[in-house]
Amino acid sequence: QVQLVESGGGLVQPGGSLRLSCLASGRIHSIDGMAWYRQPPDGQRTLVARIISGGLTNYADSVKGRFTISTDNAKNTVYLQMNSLKPEDAAVYYCNMMVRQSPTWSLNNYWGQGTQVTVSS
């Protein structure tokens, strides 16, 4: 099995910054993509940022220029640097990884438990 554990959420004032981390552990042969999603209290889970093999990234329009996704592949970790935070960024943030546990196995989709980000003065 594979476990994803997020950290770094919390309370921040508008205009502030937070850095989220997500560490994958367990039986991992390779990771083909890493992403961050978020879900506000009264909304659906939506994609925030994604990075795939080769370093190609894409972002939700609402976070472009403010958020940056990055990885440390040696540590099976994905980060989300969030700057210039706005109240509308408040949500539970989930990391997501497409993991291959063996060279001959198919990819499986894994989620973290979520970390709360609150943006308020």
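The values are calculated or read from the model by the stated rules, or taken from the named source; none is laboratory data. Here the structure is a predicted model, which means the values were calculated and not measured. Here Cβ is always computed from backbone atoms with ideal geometry, including for glycine, and neighbour counts include all displayed protein chains. Accessible surface areas use protein heavy atoms only, side chains included; no ligands, DNA or RNA. Shrake-Rupley method; radii C 1.70, N 1.55, O 1.52, S 1.80 Å.
Output the residue which, of all residues in the stretch 41-58 that are of a type outside the set (A, V, I, L, M, F, W, C) and at pLDDT below 95, is least open to solvent (accessible area, probe 1.4 Å).
Our first condition is that a residue be of a type outside the set (A, V, I, L, M, F, W, C); within the stretch 41-58, this holds for 41-46, 50, 53-55, 57-58.
Going one step further and asking which of them are at pLDDT below 95, we end up with 41-43, 53-55.
Values: Pro41: 131, Asp42: 143, Gly43: 28, Ser53: 79, Gly54: 89, Gly55: 44 Å².
Top of the filtered list is Gly43.
Against the conditions (1) within 22 Å of Leu18 (Cβ to Cβ); (2) part of a strand (DSSP E or B), where does Tyr110 fall short? Just the number, please.
(1)
Residue by residue through the stretch 86-114, note down the ones that are closer than 18 Å to Ala24 by Cα, over 10 Å from the mean Cα position of the chain (by Cα) and of a type outside the set (Lys, Arg).
Within the stretch 86-114, the first condition is being closer than 18 Å to Ala24 by Cα, and the residues that meet it are 93-103, 105-114.
Now drop any that are not over 10 Å from the mean Cα position of the chain (by Cα), which leaves 98-103, 105-110, 113.
Hits for the stretch 86-114 are Met98, Val99, Gln101, Ser102, Pro103, Trp105, Ser106, Leu107, Asn108, Asn109, Tyr110, Gln113.
Scan the stretch 30-40 for residues that are under 21 Å from Val99 (Cβ atoms) and either among the aromatic types (Phe, Trp, Tyr) or open to solvent by 50 Å² or more (accessible area, probe 1.4 Å) (or both) and jot them down.
Asp32, Trp36, Tyr37
Inspect the stretch 75-85 for any residue being surrounded by 14 or more Cβ atoms within 10 Å (Cβ to Cβ) and over 15 Å from the mean Cα position of the chain (by Cα) and give the result as yes or no.
Going through the stretch 75-85, the residues surrounded by 14 or more Cβ atoms within 10 Å (Cβ to Cβ) turn out to be 76-83, 85.
Among the residues that remain, those that are also over 15 Å from the mean Cα position of the chain (by Cα) are: 85.
Within the stretch 75-85, one or more residues are surrounded by 14 or more Cβ atoms within 10 Å (Cβ to Cβ) and over 15 Å from the mean Cα position of the chain (by Cα).
Considering the stretch 86-102 alone, what residues qualify as being open to solvent by 50 Å² or more (accessible area, probe 1.4 Å), more than 14 Å from Trp36 (Cα to Cα) and part of a strand (DSSP E or B)? Step through it out loud before you land on a result.
Restricting attention to the stretch 86-102, the residues satisfying the condition of being open to solvent by 50 Å² or more (accessible area, probe 1.4 Å) are 86-88, 98, 100.
Remaining after also requiring more than 14 Å from Trp36 (Cα to Cα): 86-88, 100.
Passing the criteria: only Arg100.
Taking the condition of being surrounded by fewer than 15 Cβ atoms within 10 Å (Cβ to Cβ), polar (S, T, N, Q) and in contact with a strand residue (DSSP E or B) (Cβ under 7 Å, 6 or more places away or on another chain), how many residues in the stretch 3-29 meet it?
Count: 4.
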